1. Return the residue satisfying two criteria in turn: it lies in segment 316-334 and is free of Cβ contacts under 8 Å to residues at least 60 places away in the same chain and over 11 Å from residue 276 (Cβ atoms), and of such residues it is nearest to the chain's Cα centre (by Cα).
2. If residue 111 meets every condition in (1) modelled with pLDDT of 70 or more; (2) more than 20 Å from the chain's Cα centre (by Cα) apart from one, which number is that one?
3. Condition first: at pLDDT 50 or above, among the hydrophobic types (A, V, I, L, M, F, W, C) and open to solvent by less than 70 Å² (accessible area, probe 1.4 Å). Now tell me which residues in segment 5-22 satisfy that.
4. Collect the residues in segment 114-125 that are touching a residue at least 40 places away in the same chain (Cβ under 8 Å) and surrounded by fewer than 16 Cβ atoms within 10 Å (Cβ to Cβ), keeping them in residue-number order.
5. When you look at residue 25, is it part of a loop (DSSP other than H, G, I, E, B) and either buried (at least 24 other Cβ atoms within 10 Å of the Cβ) or modelled with pLDDT of 90 or more (or both), yes or no?
6. Scan (1) open to solvent by less than 20 Å² (accessible area, probe 1.4 Å); (2) modelled with pLDDT under 95 for the single condition residue 174 breaks and write down its number.
7. On the given criteria, is residue 201 modelled with pLDDT under 90 and either within 24 Å of the chain's Cα centre (by Cα) or part of a helix (DSSP H, G or I) (or both)?
8. Looking at segment 279-290, I want the residues that are over 22 Å from residue 228 (Cβ atoms) and have a partner that is in a strand (DSSP E or B) and not small (Gly, Ala, Ser) with Cβ atoms under 6 Å, at least 6 apart or on another chain. Which pairs are those?
Amino acid sequence: MTKAQLLHRIKRVRKMLRCNGVLEGGGVKGIGHVGAVHALEQAGYRFERVAGSSAGAIVAALIAADYHGEEMAQLMKSLDYMKFKQTDLLDRLGTTGKLLSVLLHYGIYSAQYLEQWLNDLLMKKHAACFRDVKTADGSYRLQVTTVDLTTQELLVMPQDLRKFHIDIDSFPIAKAVRMSMSIPIFYEPYVLKDTNGVPHYLVDGGLLSNYPINLLDDGKKAPLIPTFGFKFQSSASCPVCIKPCENIIDYVKLIISTLLDAYDNEQTEKAKGDRDRSILISSAIQINGEAKKISTTDFDITQAESEALYQNGIDAVEHFLKHWNFNRWKQTYRSIL
């Protein structure tokens, strides 16, 4: 085989292994996404378009900026997740201070550190604004969800920035992601004012659409490349982790965590083939022979727990690819279109 023929074959294989990716929200569990992305890339896949909610939006933004799985894995190993719980003077005053933070700022922790951390990473890849992830057809490689509490509706960024008459191309991606991952009560909401000066409180997109796979494939036509979903699941054999509930703040955080950890199985079952193209990542890990379930707000996760969750993502992809066949999937779910 000549060098030209070899290059042609490589290009053809790469074209065959293009895909889109939709990443479910899940807070700290997003570490599992990184393992799954790395494993899928190792299998030869490259992402064209990505979408996500909450923690899925963070990983999706890094993919859109051309971070590879190996790079994200290195970032994960050096990251102190407790810094994402950015506190101020009030938060250091115990339960009373946290309650005052909720009353005054509608959230306990600031998300400014997370936003700045992500923006710095995106700038290193020259992909800090949405213009930097624009495709040849004028669309955007990245979409993230957020919930507008003021109008009680789901927003998809960047396109819904038009409702606020904001220039999409110059809007920072990190701000859109911050909107998407602002867990209610846990984080202060992102406030965006409309043209009438009315403040809109934007929070975690997972409240209304934690697994927005329809953003990249609406089920109305046979796709040219597969859209893979990255979704978390817990093991029935994993014991339920008992969370302390000693005050009103603990109580509200438990409600929010339960909502965000819940799975919309009914929606997945009704969608055309979504379950069969979903890479199911276990949120249950084994540490020293003991099972533990990682939840959305476990920011005190240890290095060993983080590595175990990362490995769960790798294992999920390896299991998925043993059974995946794109042509068979299309014949099953899109042949009538």
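1. Only one residue fits best here, namely 319.
2. Unmet condition: (2).
3. Hits for segment 5-22 are 17, 19, 22.
4. Those that are touching a residue at least 40 places away in the same chain (Cβ under 8 Å) and surrounded by fewer than 16 Cβ atoms within 10 Å (Cβ to Cβ): 116, 125.
5. Yes; evaluated as a whole, the condition is true for this residue.
6. Condition not satisfied by residue 174: (2).
7. no
8. The qualifying pairs are 285/292.
The values are calculated or read from the model by the stated rules, or taken from the named source; none is laboratory data. Remember, predicted model here, so these are calculated numbers, not experimental data. Cβ: placed from backbone, ideal geometry, glycine included. Neighbour counts: every protein chain shown. What goes into the accessible areas is simple: the full protein's heavy atoms, side chains included, and nothing from ligands, DNA or RNA. Shrake-Rupley method; radii C 1.70, N 1.55, O 1.52, S 1.80 Å.
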